[in-house]
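The values are calculated or read from the model by the stated rules, or taken from the named source; none is laboratory data. Since the model is a prediction, treat every value here as computed from it, not as a measurement. Don't worry about glycine lacking a Cβ; one is built from the backbone with ideal geometry, like all the others, and counts go over all protein chains shown. Note: accessible area is taken over every heavy atom of the protein model, side chains too, but ligands, DNA and RNA are not part of it. Shrake-Rupley method; radii C 1.70, N 1.55, O 1.52, S 1.80 Å.
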Amino acid sequence: MENFVKINFLGAAGVVTGSKFLIETTEKNILVDCGMFQGLKGLRELNWSDLPTDVSSIDIVLLTHGHLDHVGYLPRLIQQGFSGKIIGTAPTLAIAKIILKDSAKIHEEETNKANKEKYSKHHPALPFYTIKDAENTLKLFEVEIEDKWIKLSEHISYRFQYNGHIIGATFIEIDINGKRFVFSGDIGRQNDYLLNTPKTPEWADFLFIESTYGNKLHPIDHTEDILTEIIKNTIHNNGNLIIPSFAVERLQTLMYILWKLYKEHKIPNIPIFIDSPMGNNVLDVFQRFPKWHKLSVQDYNAMCNHVNIIQSYKETWETIDDKRSKIVIAGSGMVTGGRVLTYLQQLIDKPSTTVLLVGYQAEGTRGRQLLEGAHEIRFFGKYYSVKATIKNIESLSAHGDQQDLINWMSDIKNIPEKVYLIHGEPTALDAFRVKIEDVYGWKAKIPKLTDIEKVMI
């Protein structure tokens, strides 16, 4: 084997989303994650470009977890000539299947709507990929277990290690000719409602670590107390509480907290509607993989029985027309699409409405606009006035904060040859770079999109 490895930063470099890292060796070419860019228009437009590499030469894709910004580009990869295996843990591939099919469905629906109502500048507008493209992608999925070294070729092995964040999520260790490359994926929280504490790496010659909250500590904001107060105010105002939510993990966490608050007599039995077809499917993943989370079978069933799960678009409109005060949890978490837009279309201009944001809001998303006090937001080709109260509970994020990230590195016994900061906005990346140097004395590098690094092994 030659004594160098080439690393291509094809996504999540200088930005949070679009996770794609290509490792080229003389034995195998490995792509770690294959996600879509989200957020600012200039980033989203990058999704439409082919990768600047020979995709047919990629042998294998390893997935850290199933979120769209880590798996959403897979159908395009196959269109460009990839035909190898796509490997992840069983829950990760179950989540990826749900997310890819849902994403394809949304692409097709939005394309049809744009063509019908003629609000796209493209004539005709085309879907990013179709349901058939997504189904073709699933044929390449192959499950691998966590915590076991898998031999890929003579000098290359890899291992998945539990990482919290969402069900099935892992960090990935790749051993190449005796040197260890560690890709953090997204690192979970220490005291998560549903998930166990992330495992930690013990050796890293080349460390690729996420920096989403590299410049922040999550506030100790007493989530349950804040949620209780918001719900009581909603009832007092005879209004609606709309919670745009990521379908994976956040929705299940919210369901659990709301059930817990009711069980402990902290909130009345306010109707709760879950309007996220994808979220419903994720609930099934929790049921299928009980060893990957903390919920008992009894608590899982009680939590599900406490809410109304909406099955059809007709029921969405029946819920909007329901005059009672209610809580609606609907996709998507950054208000980029999904069922939540239908609710906001009808309710965001009412002062009795509260919109509660409960996770990271990427730059350029409607969620970030609302967070920053926008007086109007645009979707379905029109502007809608924001009269609703906008609230935010940052501590419900599934991402570890700066201290969690620093702690996650604390068991590494060696001094890494290179530390690369990925998955972050510029201010977070730079603050985290300084923090790592202060705490560990390690020099960290902030790669840019399409950078290529050659490292000796």
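Structure summary
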item	result
Cα-based Rg and Dmax for segment 418-457, where Dmax is the largest Cα-Cα distance (Å)	10.9, 31
Alpha carbon centroid spacing (whole Å) that separates segment 94-172 from segment 49-76	9
Distance from segment 323-400 to segment 226-270 (C-alpha centre basis), Å	15
Mean residue ellipticity (222 nm) of the chain, computed from DSSP H runs ≥ 4 via -39,500 (n - 2.57), nearest 500	-9500 deg cm²/dmol
Segment 334-382: chymotrypsin sites (Phe, Trp or Tyr not before Pro) in DSSP loop, at most 16 other beta carbons within 10 Å	PHE380
Ratio of the Cα radius of gyration of segment 4-72 to 2.2 N^0.38 Å, where N counts its residues	1.08
In order through segment 77-87: 3J(HN,Hα) via Karplus (6.51 cos²θ - 1.76 cosθ + 1.60), integer Hz, x for Gly, Pro	4, 5, 4, 8, x, 6, 9, x, 7, 10, 10
Relative contact order [Cα under 8 Å, 6+ residues apart], segment 72-161, whole percent	37
Where only alpha carbons of segment 335-457 are counted, the Rg and the Dmax (Å)	19.8, 61
Ratio of the Cα radius of gyration of segment 267-416 to 2.2 N^0.38 Å, where N counts its residues	1.25
Prolate/oblate/rounded label for segment 258-322 (Cα gyration tensor, a/c 1.5)	oblate
Square roots of five times the Cα gyration tensor eigenvalues for segment 136-212, Å	22, 18, 11
Candidate residues CYS34, CYS304: accessible-area rank, largest first, probe 1.4 Å	CYS304, CYS34
For segment 94-149, convex hull volume per residue from C-alpha positions, Å³	94
Average accessible surface area per residue within the chain, 1.4 Å rolling probe, Å²	41
Along principal axes, Cα extents of segment 288-335, largest first, whole Å	39, 25, 19
Mean shadow area of the chain over all directions, Cα convex hull, nm²	20.5
Overall Cα dimensions of segment 78-125, principal axis frame, Å, largest first	42, 24, 10
Segment 380-424, Rg to Rh (Cα coordinates; Rh as Kirkwood inverse mean 1/r)	1.27
Positive minus negative residues near TYR73 (Lys, Arg vs Asp, Glu; Cβ under 13 Å)	-1
Share, in percent, of DSSP beta bridges within the chain that are antiparallel, nearest 5	45
Coil-residue trypsin sites (Lys or Arg not before Pro) of segment 210-317, DSSP, other Cβ within 10 Å capped at 16	LYS266, LYS294
Links that overshoot a 27 Å alpha carbon limit, given the list LYS148/LYS179; LYS266/LYS291; LYS97/LYS294; LYS105/LYS216	LYS266/LYS291; LYS105/LYS216
The chain, dipole about Cα centre (Lys/Arg Cβ +1, Asp/Glu Cβ -1), debye to the nearest 20	940
Segment 165-172 - phi-based ³J(HN,Hα) in whole Hz, Karplus 6.51/-1.76/1.60, Gly and Pro as x	6, 9, 4, x, 5, 9, 9, 10
The chain: relative contact order in percent, alpha carbon pairs under 8 Å with at least 6 residues between	20
